[in-house]
Structures are given as C-alpha cells and as structure tokens.
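The values are calculated or read from the model by the stated rules, or taken from the named source; none is laboratory data. Worth saying up front: this structure is predicted, and the values here are computed from it rather than measured. FYI the Cβ positions are ideal-geometry reconstructions off the backbone, even for glycines, and counts take in every protein chain you see. Side chains included, ligands, DNA and RNA excluded: accessible areas come from the protein's heavy atoms. Shrake-Rupley method; radii C 1.70, N 1.55, O 1.52, S 1.80 Å.
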Amino acid sequence: MMTYLLRRLAYAVPILLGVNLLTFSLFFMVNTPDDMARMHLGVKHVTQPAIEAWKVQHGYAQPLFYNAREPGWRAWRDTLFFNQSVHMFALDFGESDDGRNIGEALRARAGPSLSIALPTFVLGLWVNIGLALMLVWARASWLDRFGVTATVVLMSVSSLFYIIAGQYWVAHLWRLVPISGFVPGADSWHFVLLPIVVSVMAGVGNGTRWYRSIFLEEIGKDYVRTARAKGLNESHVLFRHVLQNGLIPILTGAVAVLPLLFMGSLLTESFFGIPGLGSYVIDAIQAQDFAVVRAMVFIGSVLYLIGLWLTDLAYSWADPRVRFS
Amino acid sequence: MGWQPVILWADGLIWLTVAAVGLLFWRGADGFRAGWQHLWRKPVAMAAGLVLLCYVGIGLLDSLHFRLRLPAQAGMSAQYSVEVNSVLDVLIAHLNAYPEQTYSAPLAKHLFVKMPTILPDGHLALTYPDLTLYQAQKLGHDEQRARGRGQEKIRLGLRGVLVGVLLAAAMTLLFAGWQAYREGMPLRDLLRTALQGKHPLPWRTGWATLTVLCVLGAMMAEWSTVYHVLGTDKIGQDVLYQSMKGVRTGLMMGTLTTLVTLPLAVGLGIAAGYFGGWVDDVIQYIYTTLNSIPGVLLIVAAVLLMQGFIETHPALFDSAASRADFRLLFLCGILGVTSWTSLCRVLRGETFKLREQDYVLAARTLGVSDWRIMGRHVLPNLLHLILISMVMDFSGFVLAEAVLSYLGVGVDPAMASWGNMINAARLELSREPVVWWPLASAFGWMFVLVLSANLFADSLREAFDPLGRRR
C-alpha cells in the first residue's frame, strides 16, 4: 500500500519534467527571448544592443539548451532551460514583468480564490447530489422526465449567461449584493455570495445529470434487489445503500479536483473583480506576461498530479475491495 | 458580373467533412445505418435534428466564398474585389444595407438614443431620429404604405405566418411523397398513419418543428424588409445579420475541433489498447502530461504566441478573411489538442477488452496483420463510442468559443461570432435604459444550437449504445 502510493508519487516526476519541457519550448522556443525583448521595447526601431541589454536585465541572456562557450557539463548547465527548470522545481517563480515577486503574489491571491472556489465546490456537491437523489427517487415519473430535460437545458446555457444574468438581476436590479469587488476578512461574505451562487447554478445541470446516471447504475445492481427483497423500504434502500455506494465514484472524482480549487476560476473572478489567481492569470494574459502564465501552468500541473495521487488514496480508503499491486 | 471562387482552408475542411458524412450514409456499414434509422424514430431526435439542419444550412451557405469582379477597365486584365463574400452575405445583404448610427430596439422605427436634429422650423432639438431603414422605405414606397406603417408590423407578421405554414406543409408533403414512394405505399395511406401517429417516423413532431422553423424564418424575412428585426448594436449594425453570420463560426468551432481530436484520440487510443507494453506506457505518459496542464492556460499561451506570429509575419496573409481563417483554424487546433485525452482513454480501455475477443484471436492466428485487425475488427466496434463522443463534445466546443472570445483569446475580433457579440455587449446591461437585444440575440442563437446538439446527442447515445454505457 505505502510502496504503491510512493511509486505513484514518483510517477509524477517524469510528467512534471514533460510539462516543464513543453512549456519551456512553447514559451522560449516559439517565442524567443529576442522576440520578448522586441515586444517589450516596442516592435519597431529596436536595436540589437538594446535587446541584449534587456535580456541580461531579465535573466534571459543564456542560450536555450546548449551553451557552446562553456566546457564540458557546464555547456548544459549554464543554459536558460536548466536554470529556468531548477527554479521552477524549487517553486521559485522569479518576478513578473512589473517587477513583483510571483511567489508572493500567488500566496496573497490563493485566499480570495479559495473563498469562492471552496464554498462553490462544497455547495455544488450537496446540491447536485440532492437533486440527483430526488430524480432517482422519482425515476420514470413526470418529475424525472422534467428534471432530466431541465438539466439538459441548464447545460446548454453559456456560463457567461449565468454570470451576466446574475449580476444584472441580483446585483443591478434588486441591489441585494454588490456587483463586484472584494474585501478581505469576515466582511467578504456579501462579495462572495453571488459568485458562489452563480457558479453553483452554472454547474448544476452537468453535475446532477452525471450523478443521476451514477445512482441509476447503482440502483440496477444485485445488492439493491436483495435489499428490496429483504423488505427494506425504498428510502432506506436509496439513502443507506445506493447513496453510500454511489458516493464512492462521486467523492473520489471530487478529490481529484480538490487541489485545483486553488487555481480559482478565470471567468468568475474576472467578472466579479475577485483578486484571486484566476484574475491574476487574466491580467497576465492582457499584459502578455509570460512568466506568470508559465508559473501558473506549472502550479496547475503540480496540483493536478496531487489530485490524481489523492484519488488513488481515496479509492483505497473508500473501497476496501480495491487492492493495489 | 464575373466572380472568382475563394476557398478558405476552413471552408475546404468543412465541405470535405460534409462529403465524408455523406459517404458514410451512402456506403456505411449496415449496423451503422440501422442505428441511424432507429435514431430518426425518436421525436426528440427528429425535432433537434431539423433545428441542427437549419443551422448547418446557414453555416454551409456562409462557407461558399467568392470575390466579385470589379468593373472592367480598358486595357487591364480582370480585377477582383479585395472583399471576400459568401453566398449568405448576398442572400441577407439587405439586412445590413442600411446601417444606423447606433442602438435601435428590435422592430423599432426610431433610434434608441436621442440625437440633436434640426426640426423643420429650423430649431435644434434632441429627438429620436427615424431609422435610415425607415427613411429608405418612405422614399422607396408610396405615401399610403408609409402611413399604414402602424399596422404593417401585424400585416407583415401575419403574412410571414401564412407563408411559413404553407412552406412547412409543402415540405412535409414532399418528404411524405418520397417516403411513400420508398415504402411502395399510397401517399394517402402514409399520411393517414402519419397523422394518427402510427407510422414509425414521428411525422407530427417533424411537421410541427418545420412549421415553427418556417414561420419564424418567414416572419423574420417579411419584417426585415421594413425593420431591424433584432434591432441594431452600438455601431448601428443589424443584430440579426451578425447573429446569422455567427452561425458559421460556432459550427466551425464545433466541427473542426472535433475533427482535430478524432485522429489523435482514435489512433493513439487504439494503438495503446491493442499493442499494450511500452507503446501503451508512452501514450499514457503523453496524455497524462497533456491532461495535467490546465487546458485554458495552454490555449491562452498558444493563442498569445500565435498573435505574435501573425503580427511579425503580415506578408503571409493576403486578406483579412484569410487571417481570420488562420486564427480560427489555429484555435480549433489548439482546442482539439487539449481535449482529445478523455476519448483516447475510453477507446484504450475498450480496445483492451476487444483485443481478447475470440474473433480477434482467430484473425491473429490466421496471420492477419495488426493494422488490418485494428482497421477491420477493432475500429468498427468502437464507431458508436466515437460518434457519441463527437456529438457530445460538439456543444462544449461551441460554448468554449464564447468564453475564449470573452477572455480575448478567441476568434479574430473582426470575425462575426457570438462570443465577440457578447464581448462587445458586456457593458450594455448597466446602461440606463438597458440595451438587452445584442446579448439576448447572441445567447439565444447559441442556446438553441447547443440545446439541439445536446438533445440530439442524447438520442444518438440511446440509439447507438443500447447498453447505456456512460463515459
């Protein structure tokens, strides 16, 4: 068990190396430091010395993969790829283009992101499971048919619509909560309320449908028939047996996305003016700040792999039948 | 007047897809055709399919591009206009023929905002000026028609309803005649069973859907001769025109992105499942790595880099249309590269099971080559999974276009798309009085397309996957 989990953890290393190589190629080979310098110094009328100076100033002066001027193994070490990778794996992301430390910004912005993402996640899970159970309870009735149609309709609405409509009605017309903004601390609740409700709404169609299909699959199994044959009433069957077994795939699936909650949501945060990691990325995109985007890609991959690892852990914990070799 | 066809890359791909789908119907495997016939018997599939066909029709008309020949000048070879037009542009040109100054509400006679105008007595006053479209109507027609304008909305609407109902009835009859010919049944018998709902095909649903579509279309066509049916946007362009132009972009995003994912998912999924061993390890490594990168960020990064590429290589693109085309294709490409992994995983697992089947073992002992086994024995048994996943992903890609355009990394800003419409209209709801129609129109057109695609996908899954396996 322990060795299995350790091996799974070790499996993440080559994947992170791959991610690092891919993002490095994307950001430094397709868009060479010379291009970056030209972009920052103004596209036209840039002299070569100015480019070199910019590269030295921002630490991009070394060659990409192989430094022919250095002897032996230093030819590989004194390169942009090596240095950037070492910093990346040490979780030292350097500075963004406006000279601020990226690591500090990440730490400061994770909180606001989580204050939206975590309640959304928990509330969404409850709402979706509840609705799905209700549909399964009323399966093959008009309520079920209506519910399934409603989930398809909800799924077909653009997420932008939920945000825009929510802001218009709840915040603009009814003036129940502020349209956008954020304050740290306990007072933040009326700023995060609307984004949370809107995000849950946007996910409810997909989630309910998916969970309903999981519960329906579960309800067709033999142990359910046995339970009914024993004379258990329907609610006991549904809430004791089906819910518990159906929760295994649902919760292990949820565990996989748990670490990614740190990343926040690009759309929600930018619409509601939440100073989280999602809006950090949006700002970086608009400013064409590749260092920030690259750092976020790396962090996202690390979090995803942690999620995969946690899923393995959760499976072995939730389902004693699962044995790893 | 002469013209010269222009085949943009995206157009070529989309027509190739249409041809391929047609070929699949014409020469497809029997099981495939049976599933397809089963599909049309579901009322939901019939209704959703007809709506989808309507969208596809608009999109295809908008994918036939050409350039007009400029008026000939003595001693010069034929010159063609720089502007690339599509057949749809010509058909609905009258919608955009009278650009207004700024916002006007749907079916309005006046602009939505007051403008300083000089009154007949020479004074300057803030009034709601008449729309240019209205003025053009007044000049173009006699006095009587202009005076009767109050009832004109109703008159034109009723005429639209009439035309629509007749058109739908005629089309249904045409199909019924064809079906009666195919079944060797008198038309009257077929119509009777159809009306009673005893025919296997849901004729009543089909007829009702056609009627709704035709009535809506005919009413819009009638009204659009005198009004801006869905109003005009901030710079006075007709919203209906833009929404219809957005159909092509939405369909392209859905279709081309699916086309990009297919070879990757199918090829790698089957290879991983069939060969196992190190091939499987490598392919698993590739898709886990790709999966672990947050998709949106990868798309954003790639699109930013592409924008830089377009800026530094302006010579490669000879017209604005080809630049927009390149951008659309690139976007589809990168969106496809980030979203093939889930289908690949499903196909890998399914191939693992198929590999152990007796007929595969038999083929292998008979010395059939690996490639042939994969093509003849494995792939056909995966077709339903591929088809279901294609249609299910389609709607996701259409929705993704709007989000990406909102983030500023979507299709070319000059290209008509629902995402760009939403992006341009993002501040309009905070205006007082509120301007709702550009947003409502973009969301509405997108919603109908995505909803019918989703409903169609559901029916498709039920028709082709009787075991009800979920992804």
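What is the set of long-range amide H partners of residue B:6 at a cut-off below 5 Å, with H atoms built 1.01 Å from backbone N?
B:65, B:66, B:67
Let a ≥ b ≥ c be the square roots of the eigenvalues of the Cα gyration tensor of segment B:305-422; is it rounded (a/c under 1.5), or, if not, prolate (a/b larger than b/c) or oblate?
Prolate is the answer for segment B:305-422, as a/c is 1.5 or above and a/b outweighs b/c.
Pairing the Cα long axis of helix B:149-183 with the longest principal axis of chain B, what angle in degrees results, from 0 to 90 and rounded to the nearest 10?
That helix lies at roughly 30 degrees to the long axis.
Quick check of the Kirkwood formula: for chain B, what is the inverse mean of 1/r over all pairs of different Cα atoms, in Å?
25.6 Å
Quick check: pseudo-label points 7 Å beyond the Cα along Cα→Cβ at residue A:174 and residue B:124, how many nm apart are they?
4.6 nm
Return the long-range amide H neighbours of residue B:80 (sequence gap of 5 or more, or a different chain), with a cut-off of under 5 Å between placed amide H atoms.
B:70
If Rh is defined by the Kirkwood formula over all Cα pairs and Rg also comes from Cα, what ratio Rg/Rh do you get for segment A:50-180?
Result for segment A:50-180 is an Rg/Rh of 1.26.
Under the definition of Cα pairs under 8 Å and six or more residues apart, what whole-number percent is the relative contact order of chain A?
Across chain A, relative contact order equals 22 percent.
Obtain the radius of gyration and the Kirkwood radius of segment A:121-243 from its C-alpha atoms and give Rg over Rh.
Here Rg/Rh amounts to 1.12.
By the scheme Lys and Arg +1, Asp and Glu -1, what is the net charge of all other residues having a beta-carbon under 11 Å from that of residue B:194?
Local net charge: +3.
Just to check I understand the Karplus step: with θ = phi - 60° and J = 6.51 cos²θ - 1.76 cosθ + 1.60, what whole-Hz values come out for segment B:296-303, glycine and proline as x?
4, 5, 5, 4, 4, 4, 5, 5
Averaged over every viewing direction, what's the projected area of the C-alpha convex hull for segment B:241-470? Give it in nm², one decimal, please.
Mean projected area for segment B:241-470: 15.9 nm², to one decimal.
Search the structure for amide H atoms under 5 Å from the amide H of residue A:93, placed 1.01 Å from N in the peptide plane, and list their residues when 5 or more places away or on another chain.
A:103
Let me know the charge dipole size of the protein assembly as shown about its Cα centre in debye, to the nearest 20, where only the beta-carbon of Lys, Arg (+1) and Asp, Glu (-1) is charged.
The dipole of the protein assembly as shown has a size of about 2220 debye.
Exceeding 21 Å between C-alpha atoms, which entries from my cross-link table qualify? They are B:153/B:245; B:109/B:245; B:114/B:153; B:109/B:234.
B:153/B:245; B:109/B:245; B:114/B:153
Karplus couplings for segment B:89-96 from phi (6.51 cos²θ - 1.76 cosθ + 1.60, θ = phi - 60°), rounded to Hz, Gly and Pro as x?
3, 5, 5, 10, 4, 5, 5, 9
Using the 2.2 N^0.38 Å rule of thumb for compact globular proteins, work out how segment B:331-393 stacks up: its C-alpha Rg over that value, please.
In units of the 2.2 N^0.38 Å rule of thumb, it is 1.33.
Using the Kirkwood formula over every pair of different C-alpha atoms, what hydrodynamic radius in Å results for chain A?
23.3 Å
Could you check the simple spin-label distance between residue A:108 and residue B:115, using points 7 Å along Cα→Cβ, in nm with one decimal?
4.8 nm
Would you kindly compute the Cα radius of gyration of the protein assembly as shown and its largest Cα-Cα separation (Dmax), both in Å?
29.6, 98
Could you go through segment B:328-343 in sequence order and give the Karplus-derived ³J(HN,Hα) for each residue, using 6.51 cos²θ - 1.76 cosθ + 1.60 with θ = phi - 60°, rounded to whole Hz, and x for Gly and Pro?
4, 4, 4, 4, 4, x, 6, 5, x, 4, 7, 10, 8, 5, 5, 5
Suppose R0 equals 45 Å. What FRET efficiency, 1/(1 + (r/R0)^6) with r the Cβ-Cβ distance, do residue B:79 and residue B:166 give to the nearest 0.05?
Here the calculated transfer efficiency is 0.50.
Treating cross-link reach as a plain straight distance, find the lysines whose alpha-carbon is under 25 Å from the alpha-carbon of residue A:55, omitting any fewer than eight places away in the same chain.
A:44
If you take each beta carbon of peptide A:293-305 and count the beta carbons of other chains within 10 angstrom, what is the mean?
For peptide A:293-305, the averaged partner shielding equals 4.
Which translational diffusion coefficient, to the nearest whole µm²/s, is obtained for segment B:3-92 from the Stokes-Einstein equation, given a Kirkwood hydrodynamic radius over C-alpha pairs, 25 °C and 0.890 mPa s?
152 µm²/s
Roughly how many percent of the accessible protein surface of chain A is carbon and sulfur, given a 1.4 Å probe and a whole-percent answer?
Roughly 65 percent of what the probe reaches on chain A is carbon or sulfur.
If you take the alpha carbon radius of gyration of segment B:381-426 and divide it by 2.2 N^0.38 Å, what ratio comes out, to two decimals?
That works out to 1.50 for segment B:381-426.
Relative to 2.2 N^0.38 Å, what does the C-alpha radius of gyration of segment A:192-307 come to as a ratio? Two decimals please.
It is 1.50.
Treat every Asp and Glu Cβ in chain B as -1 and every Lys and Arg Cβ as +1, leave all other atoms uncharged, and give the resulting dipole magnitude about the Cα centre to the nearest 20 debye.
Dipole of chain B, to the nearest 20 debye: 1160 debye.
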